[in-house]
Amino acid sequence: MLRKIDVGGVRYRVADEGVGPVLLLVHGFPLNHTMWRAQIEEFARTHRVIAPDLRGFGGTDGALYSVSMQQFADDLAELLEALAVEEPVIFCGLSMGGYIAWQFLQRHPSRVAKLVVSNTRAASDSPEAAANRLKMADIVLKEGPEPVAWAMMPKLFAQCTSDQCPRIIDEVRQMVMTSNPVAIAAAHRGMAVRPDVTGWLPEIRVPTLVICGEHDAISPAAEMQAFAGLIPGVNCVVIPNAGHMAPMEQPDLFNEAIRGFLG
Ligand code: MLT
């Protein structure tokens, strides 16, 4: 079921399907909840799956000049409250959704039962990468999403996805191209100043699964395995034949990794 729900002056579009322990799926940049279609379908059989469009993205309004990862995390805590979710959730975030996951766990620890982070990073941006994001934010506001699509699309997929599943690439391009330029700029500005959480990872006390894409060019598997090693008792899985969009590229393997972790 797709719901519209007003929280703190923002009207969210949220997929809310199934009954059971809550699995919160948080999308990457600059996408929307439809990237999780295969996970929603699979896990709604056993869980209540909540997959929102983040502030400004997809069918959610409320874009600001800049949105920090902390703000997105607080937005999600408010959204869960509005959806009457009282028990701690399984928080699953991809890439920017992973940056938000770290902040959510730091700021709302009692709301998290288990953590899944996929295709993401713990480090902050280098000064050059941060400066590029700020430049790109200005460009997007003038020219629309095309320059972001041009910069990101070649880095998102494993070669076999390009060869065998062009439909997935079209779908992601469509998501990028229909994203609100104001939201894209705001998230770029927020990601540019996101904190480095590497030193905090040994303090994580919830069961954590780290999922890497074998050929991820944005969050390389080796870098993810290195930070995963800092998380006590972590489970770490590398999805073969997947790039940055592992849940869309290899949905069965991705779902199997989560199922195995949830037990
Ligand atoms: C994402 O997929 O959310 C982005 O690649 C994150 C980023 O730009 O660092």
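Could you work out [θ]222 nm for the chain from helices alone, using -39500 (n - 2.57) per DSSP H run of at least four and dividing by all its residues? Round to the nearest 500 deg cm²/dmol. Walk me through the numbers before you get to the answer.
On the way: 11 runs with 111 residues, N = 263.
Helix contribution divided over all residues of the chain: -12500 deg cm²/dmol.
Report the gain in length on full extension from residue 170 to residue 19: 0.36 nm times residue separation, minus Cα-Cα distance, nm rounded to one decimal.
Details: separation 151, 0.36 × 151 = 54.36 nm, distance 3.17 nm.
Additional length available on full extension: 51.2 nm.
Under a GNM of the chain (C-alpha, springs under 10 Å), which listed residue has the highest mean-square fluctuation: 137, 246, 222?
Between 137, 246, 222, it is 222 that shows the largest mean-square fluctuation.
So, with +1 on the Cβ of K and R and -1 on the Cβ of D and E, and no other charges, what is the size of the charge dipole of region 3-46 about its Cα centre, to the nearest 20 debye? Walk me through the numbers before you get to the answer.
Numbers: 6 positive and 5 negative charges, 33 e Å.
Dipole of region 3-46, to the nearest 20 debye: 160 debye.
Less than 20 Å apart at the alpha-carbon level, and either on another chain or at least 8 residues along: which aspartates and glutamates does that give for residue 135?
Qualifying aspartates and glutamates at Cα under 20 Å: 125, 143, 146.
Could you pull out the trypsin sites (Lys or Arg not before Pro) across region 1-65 that fall in loop regions by DSSP (anything but H, G, I, E, B) with no more than 11 other Cβ atoms inside 10 Å?
Numbers: sites: 3, 4, 11, 13, 37, 45, 48, 55; in loops: 45, 55.
Qualifying residues, ordered by number: 45.
If you build a Gaussian network model of the chain, linking Cα atoms that sit under 10 Å apart, which residue out of 20, 98, 190 swings the most?
Of the options given, 20 has the highest mean-square fluctuation.
Note down the nm distance, to one decimal, between modelled labels 7 Å out along Cα→Cβ at residue 81 and at residue 46.
That separation, rounded to one decimal, is 3.2 nm.
FRET efficiency for residue 107 and residue 129, Cβ-Cβ distance as r, R0 = 25 Å, nearest 0.05? Write down the numbers at each step before the final one.
Working: r = 24 Å, r/R0 = 0.97.
So, using R0 = 25 Å, E works out to roughly 0.55.
In debye, nearest 20: dipole of region 2-262 around its Cα centre with unit charges on the Cβ of K, R (+) and D, E (-)? Mind dumping the intermediate values first?
Numbers: 22 positive and 29 negative charges, 55 e Å.
Roughly 260 debye, rounded to the nearest 20.
Label region 47-105 by shape, choosing from rounded, prolate and oblate, from the square roots a ≥ b ≥ c of the eigenvalues of the Cα gyration tensor; if a/c is under 1.5 it is rounded, and otherwise prolate applies when a/b is larger than b/c, oblate when it is not.
Working: a/c = 1.66, a/b = 1.33, b/c = 1.25.
Since a/c reaches 1.5 and a/b is larger than b/c, the shape of region 47-105 is classed as prolate.
Let me make sure I get this right: for region 141-247, a, b and c are the square roots of the gyration tensor eigenvalues over alpha carbons, sorted descending. Under 1.5 in a/c it's rounded, otherwise prolate if a/b > b/c, else oblate. Which is it? Write out the running numbers ahead of the final one.
Numbers: a/c = 2.82, a/b = 1.36, b/c = 2.07.
In terms of gyration-tensor shape, oblate.
Cα gyration tensor of the chain, axes a ≥ b ≥ c as square roots of the eigenvalues: rounded (a/c below 1.5), prolate (a/b > b/c) or oblate? Walk me through the intermediate numbers first.
Working: a/c = 1.22, a/b = 1.09, b/c = 1.11.
Rounded, because the longest to shortest axis ratio a/c is under 1.5.
Where a number appears in this text, it was derived from the coordinates with a stated rule and is not lab data. Given the structure is predicted, the values throughout are model-derived calculations rather than measurements. Cβ sites come from the backbone with ideal geometry, for glycine too, and all protein chains shown count toward neighbours.
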